[in-house]
1. If you take the square roots of the eigenvalues of the alpha-carbon gyration tensor of the range 141-206 and sort them as a ≥ b ≥ c, do you get rounded (a/c under 1.5), prolate (a/b over b/c) or oblate?
2. In Å, what is the Rg of the alpha-carbon atoms in the range 352-473, and how long is Dmax?
3. Give the separation of the Cα centroids, the range 111-151 to the range 189-239, in Å.
4. When a/c reaches 1.5 or more, the comparison of a/b and b/c decides; with that in mind, is the range 48-99 rounded, prolate or oblate per its Cα gyration tensor?
5. When the Cα centres of the range 56-74 and the range 303-319 are compared, how far apart do they sit, in Å?
6. Please compute, over every Cα-Cα pair in the range 359-408, the percentage with a separation greater than 17 angstrom.
7. Compute the signed sum of charges (Lys and Arg +1, Asp and Glu -1) over the other residues within less than 13 Å, Cβ to Cβ, of ASP289.
8. Place the peptides 340-347, 80-87 in order of packing, highest mean first, counting for every residue the other Cβ atoms within 10 Å and averaging per peptide.
Amino acid sequence: VTHPDLPTRLRGVVGDGGLVTDPEGMRGYLTDWRGAYSGTAALVVRPGSTAEVAAVVRICRELGVALVPQGGNTGLCGGAVPDSSGRQVVLSLDRMRRIRAVDPVNQTITVEAGAVLQTVQEAAAAVGRLFPLSLGAEGSCTIGGNLSTNAGGTGVLRYGTMRDLTLGLEVVLPDGEVWHGLRGLRKDNTGYDLKQLFIGAEGTLGVITAAVLKLFPAVRSRATAWVALPSGGAAVELIGVFQELCGDRLTGFEVMSRQSVDFVLRHQSGARDLFAAVHPWYALVELSDTLPDAALDELLERGLAEAFDRSAAEDAVVASSPSQVAGLWALREGISEAQNYEGPSLKHDVTVPISSIAAFVEATDRALGDAVPGIRIVTYGHIGDGNLHYNLSKPEGSEDADFRARADELARIVYDSTRSFDGSISAEHGLGQSKAGIIADYKDAYELQLMRGVKELFDPAGLMNPGKVLPLG
Ligand code: FAD
Ligand code: S2G
Ligand code: ZN
């Protein structure tokens, strides 16, 4: 199904250990984390160095074989999964996981693309620094994938997305040339900021092989609360209270609907409701500081008292131990997994202006309830960034297939509503294959034309992750 010389030529570069050709061995590379997308591939190649990546890319380009770069395969829009032609090659970075350098004085860390996010967090902590990207998949996702999806997560409010955390990149371009851009300077105004083209490109402009990332001073005090809210709009009021009171010390603010919490209580062993009463919405609020004795509990209590005065909170509990803090975050991070036990999770990762969040939820919930009576809407996420995970689960007792069959129609309702509030149809997960086909309906035509121009310049043969981000043709 592909070029006869391919396996031999690639084996000559990566050796037997770097090639996977048997169906059993390839399986894990061909389906995404939650089994929503799967494909077939000619083979999986696992280069062990930047030079091997460059040689592999050159061979595939010479033989006209398309490449699908892959990191931890935890992406949620099928960006790392090959198509069903059986002609594509999955290029996995899972053998390139080295931490090349940790520099506490310049506050940088240099890592290879296959390094797992949690490993990078630990390497930073070992020298008293913080690498602040944090998300539920951190035990499996890789820095290359985090860069390629411009990952967000729970620390964006204070530290930004991968765009804000990256100083330099090493990239293998689709012609096999290596861009040695591993600079760690915080200021370098010498022309176009090329690294930003590859961040968020989802593997369509080249293979990221290494990066220089920013480090921050470690936090040494933390205070965390779980707050019951009377409405979604109250979360917007609550975050305003804490931003005014705490400024940069507000380092975490996550919101969850009751439906989201119900799924976790149902499926996460050990999870329990923090309050006797049921509330429509909840927030996880976290303060942190580099000072070891910053009295953040008092600050947290002051903010909560203000929130109660404004009727923006109905109940609250402040964690009194590290294990209680971990329990609150487990509740929050458990939502993604819990959805998988309730039939198909039709995911929509949207941004709307924070001031419109309540109106967006109200309008979109209503439209969806009219379309599918009994639909269960799992709304949660990083509200400080205006980012809601607005995921749909089928009505209790209905058929998976019937619900899945309406995915496109329901996505239109969500995305058209997002557009009506001047939002974005992808806040942090990217477009992958799930949104490549509709992006033209939600993005300015001239902007798409410019994007195609960049794609044409970097990958004229169209062999780098075709069909992702930009629709084919
Ligand atoms: P993969 O899934 O392997 O690939 C993702 C994309 O990047 C693909 O298009 C792939 O082709 C490309 N790619 C990967 N490596 C390279 C490389 N080296 N060079 C070029 N292209 C490459 N995401 C968030 O932003 N915020 C969250 O809060 C969040 N929470 C999550 C929670 C759970 C439980 C799960 C399962 C996922 C979550 N995600 C979240 C989504 C996902 O974890 C992120 O998108 C992550 O950045 C993907 O990393 P990965 O290494 O798994 O990438
Ligand atoms: C999160 C994860 C994916 C989902 O948990 O913050 O990014 O299930 C999401 O929507
Ligand atoms: Zn998220």
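1. Details: a/c = 2.26, a/b = 1.27, b/c = 1.79.
Because a/c hits 1.5 or more and a/b fails to exceed b/c, the range 141-206 counts as oblate.
2. That works out to 16.5, 51 Å for Rg and Dmax.
3. Taking the Cα centre of the range 189-239 as reference, the centre of the range 111-151 is 12 Å away.
4. Note, shape of the range 48-99 comes out oblate.
5. 52 Å
6. In whole percent, the long-distance tail amounts to 37.
7. Local net charge: -1.
8. 80-87, 340-347
Bear in mind these aren't lab numbers, they're just calculated from the coordinates by the rules spelled out. Remember, it's a predicted structure, so these values are computed and weren't measured experimentally. Reconstructed Cβ throughout: ideal geometry from the backbone, glycine too, with neighbour counts over all protein chains shown.
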